[in-house]
Amino acid sequence: MIIIGEKINGTRKKVSAAIQERDSDFIQALAKSQAEAGSHFLDVNAGTSPEREADDMAWLVDTIQAVTELPLCLDSANPKALKAGLERVDKTPVINSVSGEKPRIEGVLPLALEYKTGLILLALDDETGIAGTAAGRMAVVHRLVNMAREGGLKEDQLFVDPLVTAISTGDKNALITYDSIRAVREAYPQAHITCGLSNISFGMPLRSLINQTFMCMCIYLGLDSAIIDPNNRDLTGVMLAAEMLMGRDKFCQNFSRAYRAGRIGPKKNS
Ligand code: THG
C-alpha cells in the first residue's frame, strides 16, 4: 500500500494557525511523525485562501523537506500554488488532483505533464459532479486517463480516486466506491487506486471502526493506496493484515516488522 499521510492540511484548524504563524516546529513534527509511521508521500494542503496559498505552499514545502526526504503530494486546485510547490520539490511529487472540471483540466493537468509528476484523477466533472453510479464515475476516469496518457504520463504514474461519500447520506454509497474500484482495477491494471477513506464514516459514531472495515473491503477489490492518518495504529494494523492476506507481503515480513517495531497491535507501556 502506498500511504499518503493526510495531516498537513490547512483546512484543519491547528494546521491553518501554524501556517499563518509560520510555526515550523508544529509542521515539522507532523512531517516527522507521519514519516516514522511509514508514509510513502506526505499530502501538503496549504488551505484555501487564494491570495496566500502560493506563498504558504512554498513555505510548507521548504519546511517539510528540511526534516524528511519523503516525496510530497501537492494538494491544491490552484495552479499558482501547485507551481510554487513544483518549483521547490526535491523528489518527483504527486499532484492532488485533476478532475473532469474544466479549470482543473486547463490549469492543473498541464503542470503534471510539464513536470512529469504523479497525478491523482478524481472521478467527478462539471456536468454531473460526483456521479451516483460506478458507470458514471468511470466515464470521467476513462476521459482523464486518456488525456494523461496522451500527454505522456504512464499508467503507473496515475492514482485514480473513485471518491468516497458518506454512508450516512446514502446506504449504497460504499457499494458505488467498490464497483468503481473493481472497474478501475480491471481497465487499468497498472494504475494506482487511492482515496480519502474517512469520508465514509462522516456523521456516524465509531468512525474508526467503520473506516477500518471499509478499508479492508476496498483493499480486497484493488485499492493499493490511501490518504490516511498513518499514526492511527488500528487502521495501520488492518491495512497490513489485509495486504498480507492478499498475498502481497512476502514471508509476512511487513506485518511482522511493524509488530516488532511496535507500530501495530496493543500499545505497550514504555
Ligand atoms: N481525495 C483526495 N484528496 C483528499 C481527499 C480525498 N484530500 C483531503 C482529504 N480528502 C483527505 N485528507 C484529510 C485530512 C484530514 C482529515 C481527513 C482527511 C481529518 N482530520 C481530522 C481533524 O482534522 O481533526 C482528524 C485526523 C486524525 O485522526 O487525527 O479528518 O478524498 N484525492
Condition set within 12 Å of the ligand (Cβ to nearest atom) and not polar (S, T, N, Q), scope region 89-103, selection surrounded by the most Cβ atoms within 10 Å (Cβ to Cβ): answer is V94
query: When you look at I200, is it buried (at least 16 other Cβ atoms within 10 Å of the Cβ) and over 18 Å from the mean Cα position of the chain (by Cα), yes or no?
result: no
Within region 175-190, of all residues that are of a type in the set (G, A, S) and away from the ligand (no atom under 14 Å from the Cβ), the one surrounded by the most Cβ atoms within 10 Å (Cβ to Cβ) is A183
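Checking the conditions here, which among I105, I181, I95 is in a helix (DSSP H, G or I) and either of a type outside the set (V, I, T) or under 25 Å from I219 (Cα atoms) (or both)?
Just one listed residue meets the conditions, I181.
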Across region 194-220, the tally of residues that are closer than 18 Å to S180 by Cα, within 13 Å of the ligand (Cβ to nearest atom) and either without any contact (Cβ under 8 Å) to a residue 24 or more places away in the chain or hydroxyl-bearing (S, T, Y) (or both) stands at 2
Residues of region 126-147 being within 15 Å of the ligand (Cβ to nearest atom) and touching a residue at least 24 places away in the same chain (Cβ under 8 Å), in sequence order, are I130, R137, V140, V141, L144
Within region 54-88, restricting to residues that are touching a residue at least 40 places away in the same chain (Cβ under 8 Å) and not hydrophobic (A, V, I, L, M, F, W, C), the one that is farthest from Q157 (Cα to Cα) is D56
Here the residues within region 145-172 that are assigned to a helix (DSSP H, G or I) and surrounded by fewer than 19 Cβ atoms within 10 Å (Cβ to Cβ) are N146, M147, R149, E150, E155, D156, S168, T169
Taking region 246-270 and keeping residues without any contact (Cβ under 8 Å) to a residue 40 or more places away in the chain and among the basic types (K, R) leaves R248, K250, R257, R260, K267, K268
Across region 23-42, the tally of residues that are in contact with a helix residue (DSSP H, G or I) (Cβ under 9 Å, 6 or more places away or on another chain), acidic (D, E) and not in a loop (DSSP other than H, G, I, E, B) stands at 1
Residues of region 1-50 being more than 12 Å from the ligand (Cβ to nearest atom), among the polar types (S, T, N, Q) and at pLDDT below 95, in sequence order, are S49
*asked:* I'd like to know if region 238-255 contains one or more residues that are more than 29 Å from D75 (Cα to Cα), among the polar types (S, T, N, Q) and away from the ligand (no atom under 15 Å from the Cβ).
replied: yes
Filter region 62-81 for residues that are in contact with an Asp or Glu (Cβ under 9 Å, 6 or more places away or on another chain) and of a type in the set (A, V, I, L, M); the one that is farthest from I3 (Cα to Cα) is A81
Residue pairs within 9 Å by beta carbon, gap of at least six or interchain, first lying in region 105-123 and in contact (Cβ under 8 Å) with a residue 24 or more places away in the chain and farther than 18 Å from D43 by Cβ, second within 16 Å of the ligand (Cβ to nearest atom) and of a type in the set (S, T, Y), listed first then second, are I105/S99; A123/S99; A123/S180
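The values are calculated or read from the model by the stated rules, or taken from the named source; none is laboratory data. Every value quoted in this text rests on a predicted model; they were computed, and no experiment measured them. Ideal geometry is used to build each Cβ from the backbone, glycine not excepted, and the neighbour counts take in all protein chains shown.
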